[in-house]
Amino acid sequence: MELPPHEGSVLSVVDMHTGGEPLRIILSGYPEVKGEGVLSKRRYVREHLDYLRRVLMFEPRGHYDMYGALVVESEIPEADLGVLFMHNEGYSTMCGHAVIALGRFAVDYKLVQEPRSPETQVNIHCPCGLVKAFVEYSNGKTGGVRFHSVPAFAFATDVIVAVPGHDEVTVDISYGGAFYAFVSAERFGLDINKSKTRDLVDAATAVTNSVKSQVKLHHPSSEDLAFLYGTILTDGKDAYSQEPTANMCVFADAQVDRSPTGSGVTARVALQYHKGLIQLNQTRTFQSGATGSLFTGKAVQDTTCGDFKAVVVEVAGRAHYTGLSSFVQESDDKLKLGFLLK
């Protein structure tokens with residue numbers, strides 16, 4: 001099929017999903033991204049090219065909960081690629097579901113050297129740092145992906161915040177490439193697997209807003225990383241079990257993650273390890289409260305991040321392709337820059 005007559009450039013993308021969470025990877029048509037490093041490129045895109053985020057994430061080409069990835073050059077010699085993540089509000093620093101999808105994509109689209117069986121390593125430079133993905137590869141086909149996180153750590157536990165409509169709420173705050181607040185859905189009289197998504201979103205958003213206004217975050221490496229990305233509601237089953245434990249992540253502007261959330265699983269494992277609830281190399285299964293999809297996670301190595309005792313976490317899951325698209329912007333289209341319904 002050929003595009004009809006049109007004006008302007010064409011933005012080509014490949015769409016994937018990991019555990020139900022979409023990832024739109026930009027293939028071509030995006031202008032040059034300036035900056036010496038991935039973090040400076042993130043700032044440049046935010047300040048000069050943000051309209052393209054809206055074009056690709058918002059309706060009519062996307063939707064409120066669309067997620068995107070832009071492959072860029074990395075300043076780290078061992079990186080196979082750099083990446084910038086985008087969503088309905090802006091640009092995140094880490095995204096585990098995207099790393100799982102990008103691992104397959106990088107091998108299939110030959111962004112790495114000759115693939116190897118049974119696994120091909122793909123080094124992905126995210127804004128939070130270098131993440132190592134390991135992609136199953138056999139008979140020319142890619143499969144499941146596991147990745148090793150940047151150092152993850154519990155930032156603060158048993159933090160009491162005042163949440164309008166819910167009095168005082170006790171939360172934990174943990175970092176898995178991005179900062180999340182954690183609280184059991186039961187605190188709000190909700191069931192992570194059965195309650196209405198809107199009720200879960202409202203509770204998580206109220207927590208996020210309260211933590212942002214009442215708790216000062218900091219990160220040892222960069223102030224660009226020192227912000228609360230969202231709140232993860234859990235089923236409260238933090239003690240180790242071979243049964244899956246469920247969570248739902250609400251991030252950015254009340255955006256709902258359909259997957260168990262890769263960076264969220266990383267942060268939750270780091271939190272459980274900090275509390276002595278799991279040991280090194282003890283695998284847990286995490287389930288999405290939204291779709292039922294599964295990731296596994298385990299702490300694999302003690303490390304540090306500044307003054308924080310930290311851990312490297314391995315998260316594993318599967319991503320799938322859903323299609324290819326080429327998008328245009330007609331000059332007389334008054335909605336060409338996109339819109340969102342709230």
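The values are calculated or read from the model by the stated rules, or taken from the named source; none is laboratory data. All of these numbers come straight from a predicted model, not from anything done at the bench. No Cβ is skipped: glycine too gets one built from the backbone with ideal geometry, and neighbour counts run over all protein chains shown. Accessible surface areas use protein heavy atoms only, side chains included; no ligands, DNA or RNA. Shrake-Rupley method; radii C 1.70, N 1.55, O 1.52, S 1.80 Å.
Of the solvent-accessible surface of region 203-342, computed with a 1.4 Å probe over protein heavy atoms with every protein chain present, carbon and sulfur atoms account for 48 percent. What shape does region 51-204 take by its C-alpha gyration tensor, where a ≥ b ≥ c are the square roots of the eigenvalues and a/c under 1.5 counts as rounded, a/b above b/c as prolate, and the rest as oblate? Here region 51-204 falls in the prolate category. Solvent exposure of the chain amounts to 44 Å² per residue of accessible area, where only protein heavy atoms count and the probe is 1.4 Å. Considering helices alone, the calculated mean residue ellipticity of the chain at 222 nm is -6000 deg cm²/dmol, with DSSP H runs of length four and up weighted by -39500 (n - 2.57) and normalised per residue. Region 209-273 to region 99-149: how many Å between their Cα centroids? So the two Cα centres are separated by 24 Å.
Dipole of the chain computed with +1 at Lys/Arg Cβ and -1 at Asp/Glu Cβ about the Cα centre; of Ala252, Gly35, His6, farthest Cα towards the positive end is Ala252.
Take the solvent-accessible surface of the protein heavy atoms, probe 1.4 Å, and return the percent of it on region 1-106 that carbon and sulfur atoms account for. Roughly 49 percent of what the probe reaches on region 1-106 is carbon or sulfur. By the rule of a C-alpha distance below 13 Å, with chain neighbours fewer than 8 residues away ignored, the aspartates and glutamates paired with Lys41 are Glu32, Asp50, Glu73, Glu75, Asp224. The trypsin sites (Lys or Arg not before Pro) of region 109-196 meeting both criteria, a DSSP state outside H, G, I, E and B (loop) and at most 16 other C-beta atoms within 10 angstrom of the site's C-beta, are Lys110, Arg116, Lys194, Lys196.
Computed on the chain, with alpha-carbon pairs under 8 angstrom and 6+ residues apart, the relative contact order is 21 percent. Kirkwood hydrodynamic radius of the chain from all distinct Cα pairs, in Å? For the chain, the Kirkwood estimate is 20.3 Å.
Farthest towards the positive end of the charge dipole of the chain, among the residues Ile100, Pro127, Pro77, is the Cα of Ile100, using unit charges on the Cβ of Lys, Arg, Asp and Glu.
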